[in-house]
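Nothing in this text is a laboratory measurement; each read-out follows from the coordinates by a stated rule. Since this is a predicted model, take the numbers as computed values, not measurements. Cβ coordinates were reconstructed from backbone atoms using ideal geometry, including for glycine residues, and neighbour counts include every protein chain displayed.
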């Protein structure tokens, strides 16, 4: 079973997260930030994982701690669920169009965390979600899951569409990368990731 459950409590956030990589896209998300709930739901549904997230964060400050800490915990859960990363295809890439916006994601579940994020937003917020937090979430996720992650917005005018296309592109690339290979081997000439 490729599952994980992580609880993390700090002075800024209290998070409980459950993950099943072989799920059906069943979601239960409550972060306190409506648009972020929408993005995590899209990520789970489009990657085909089951994801439950409950977070109580210091939203009276702003959404930064909530979004970043959920990225940390989700990344940690992915790392636990994948273990030694044997038996996965490792790589995934995907384009997602969303109306006038187009986003691309490429990832390598390599054990070497890195983020290249190339997306510009037009406004500071989408609902109660600060657009700068999109990059913060993916950085925390990439570094805690030990994934090399490249995300790019090709173009777009509507920030909702740009952000959602990025999350969906990441979801589809993730779905491809965690797909199990035929023989259960580690896809590396070194024999280990």
| task | Please tell me if residue 180 is surrounded by 19 or more Cβ atoms within 10 Å (Cβ to Cβ) and in contact with a strand residue (DSSP E or B) (Cβ under 9 Å, 6 or more places away or on another chain). | result | no
| Selection from region 13-39 of residues that are buried (at least 17 other Cβ atoms within 10 Å of the Cβ), touching a residue at least 40 places away in the same chain (Cβ under 8 Å) and under 16 Å from residue 137 (Cβ atoms) | 13, 15, 17, 19, 33, 35, 36, 38, 39
| Some residue of region 117-131 being surrounded by 16 or more Cβ atoms within 10 Å (Cβ to Cβ), touching a residue at least 24 places away in the same chain (Cβ under 8 Å) and under 12 Å from the mean Cα position of the chain (by Cα) | no
| Any residue in region 90-113 that is without any contact (Cβ under 8 Å) to a residue 60 or more places away in the chain and closer than 30 Å to residue 182 by Cα? | yes
| Filter region 157-193 for residues that are outside any helix (DSSP H, G or I) and closer than 14 Å to residue 21 by Cα; which is nearest to the chain's Cα centre (by Cα)? | 178
| said: Step by step: first the residues of region 1-12, then only those that are assigned to a strand (DSSP E or B) and in contact with a helix residue (DSSP H, G or I) (Cβ under 7 Å, 6 or more places away or on another chain), then the one that is surrounded by the most Cβ atoms within 10 Å (Cβ to Cβ). Which residue is that? | reply: 4
| task | Report yes if residue 87 is more than 16 Å from the chain's Cα centre (by Cα), on the phi > 0 side of the Ramachandran plot and crowded, with 18+ Cβ neighbours inside 10 Å, otherwise no. | result | yes
| note | Of those in region 140-154 that are closer than 14 Å to residue 111 by Cα and surrounded by 17 or more Cβ atoms within 10 Å (Cβ to Cβ), the residue nearest to the chain's Cα centre (by Cα) is 141
| Tally, over region 40-57, of residues that are surrounded by fewer than 17 Cβ atoms within 10 Å (Cβ to Cβ) and either under 19 Å from residue 176 (Cα atoms) or touching a helix residue (DSSP H, G or I) at 6+ places or on another chain (Cβ under 6 Å) (or both) | 1
